[in-house]
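Just below is one structure, and these are the notes that go with it.
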Amino acid sequence: MSTIIDVRALSKRYGSFHAIDDVSFTVGDGEIFGILGPNGAGKTTTVECLQGLRHADGGELRVLGMDPQRQAAALRRRIGSQLQESALPDRIKVWEALDLFASLVPGGPPWSETLETWGLADKRNAVFGSLSGGQQQRLFIALALVNGPELVFLDEMTTGLDPMARRGTWELIRQIRAQGTTVVLVTHFMDEAEYLCDRIAVIDDRRVVALDTPDGLIDRHSAEALVTFSTDSADLEFLERIEEVRMVEVSGRRVSVTGQGALLAKVAAALVARGIEPLDLQVKRSTLEDVFLTITGGEE
């Protein structure tokens with residue numbers, strides 16, 4: 001997998017204030033790459049530097065092989081962008097906005113296809129000011145994709161969408177990736193990041209403090225897991241001898257086993273070896289949100 005974004009020791013200052021300081025990561029071709037962090041951590045500043053919307057004060061940047069600071073115009077013809085704060089004139093019609101954006105960067109698919117894909121066909125002639133918050137958000141995403149970009153930046157893309165619309169948007173993002181577009185996703189929704197992202201960079205206090213797959217982050221930063229099951233067996237002392245097990249609690253037929261590492265596999269193997277095969281064996285582990293709060297000290 002080739003690298004299409006390479007960020008090394010990126011920094012951005014406003015006077016004496018460091019918005020980001022020593023941010024480094026890479027994004028591979030075809031990835032959905034997530035950027036998470038508390039408010040004010042530097043997420044939006046980072047992606048704005050990558051798009052050439054802000055000039056970095058230090059570090060090295062390469063996006064699609066180009067320098068965003070020196071080749072911003074050429075870069076923007078190959079990327080799409082849905083910013084955290086976007087606006088259009090209230091009286092512009094949906095089709096007019098798509099037609100305008102498509103004319104600025106020709107060569108993409110017909111904008112009518114984008115209109116249909118993002119569920120805006122019935123709002124074709126509606127003016128922007130009459131759209132609901134969710135419809136406006138879908139239009140901004142459609143505008144980011146109207147030029148058929150190789151790389152798209154989506155900053156808080158599902159803000160304002162209802163749960164069903166959010167899930168539908170997730171599937172469309174996966175389809176976009178399947179068609180060859182790399183996605184950089186900035187989000188506050190942990191379920192969204194866990195479902196969509198191949199890898200995630202957590203930015204806190206202006207720098208990257210964790211970088212891994214969602215499962216990798218959970219495995220690395222989770223303190224413990226909990227395995228539960230039901231059994232009529234009275235002799236469960238063998239579970240306490242498993243290295244990964246810290247505690248075994250029994251309440252009637254219900255058994256709870258707390259521990260670390262490959263807890264589920266080890267407990268399941270030990271049970272089966274003794275002829276105990278519970279149908280309700282399950283594991284509860286930390287979510288990405290739990291891990292995020294651990295990494296960032298509980299800030300939101």
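Brief remarks follow.
- On inspection, Met66 does not qualify as over 24 Å from Glu156 (Cβ atoms) and touching a residue at least 24 places away in the same chain (Cβ under 8 Å).
- Number of the exception - Ile200 against (1) more than 30 Å from Ile176 (Cβ to Cβ); (2) surrounded by 15 or more Cβ atoms within 10 Å (Cβ to Cβ): (1)
- The test for being surrounded by 13 or more Cβ atoms within 10 Å (Cβ to Cβ), modelled with pLDDT under 95 and in the same structural domain as Ile200 (by TED's automatic domain parsing) does not hold for Leu104.
- Options Val227, Val202: the member that is assigned by TED's automatic domain parsing to the domain that holds Ala73 and part of a strand (DSSP E or B): Val202
- Considering only residues in the stretch 272-300 that are within 24 Å of Ile218 (Cβ to Cβ) and among the aliphatic types (A, V, I, L, M), the one that is surrounded by the fewest Cβ atoms within 10 Å (Cβ to Cβ) turns out to be Val283.
- Scanning the stretch 211-240 for residues that are under 17 Å from the mean Cα position of the chain (by Cα), at pLDDT 95 or above and among the hydrophobic types (A, V, I, L, M, F, W, C) yields one hit, Leu211.
- Some residue of the stretch 17-32 being within 29 Å of Leu293 (Cβ to Cβ) and in a loop (DSSP other than H, G, I, E, B): yes
- Subset of the stretch 157-177 [among the polar types (S, T, N, Q) and loosely packed, with under 15 Cβ neighbours inside 10 Å]: Thr159, Gln175
- Condition met for Val94 (β-branched (Val, Ile, Thr) and surrounded by fewer than 21 Cβ atoms within 10 Å (Cβ to Cβ)): no
- The condition of being of a type outside the set (D, E, K, R), part of a helix (DSSP H, G or I) and touching a residue at least 60 places away in the same chain (Cβ under 8 Å) holds for only one of Ala165, Ala193, that being Ala193.
- Candidates Arg206, Arg241, Arg220: the one that is farther than 30 Å from Glu31 by Cα and out of contact with any Pro (no Cβ under 8 Å at 6 or more places or on another chain) is Arg241.
- Residues that are touching a helix residue (DSSP H, G or I) at 6+ places or on another chain (Cβ under 6 Å) and at pLDDT below 90 within the stretch 241-290 comprise just one, Ser286.
- The residues in the stretch 61-93 that are in contact with a strand residue (DSSP E or B) (Cβ under 8 Å, 6 or more places away or on another chain) and either within 22 Å of Phe17 (Cβ to Cβ) or of a type in the set (A, V, I, L, M) (or both) can be counted, and the count is 11.
The values are calculated or read from the model by the stated rules, or taken from the named source; none is laboratory data. Values in this document were obtained by computation on a predicted structure and should not be read as measured data. Neighbour counts run over all protein chains shown; Cβ positions are idealised from the backbone, glycine included.
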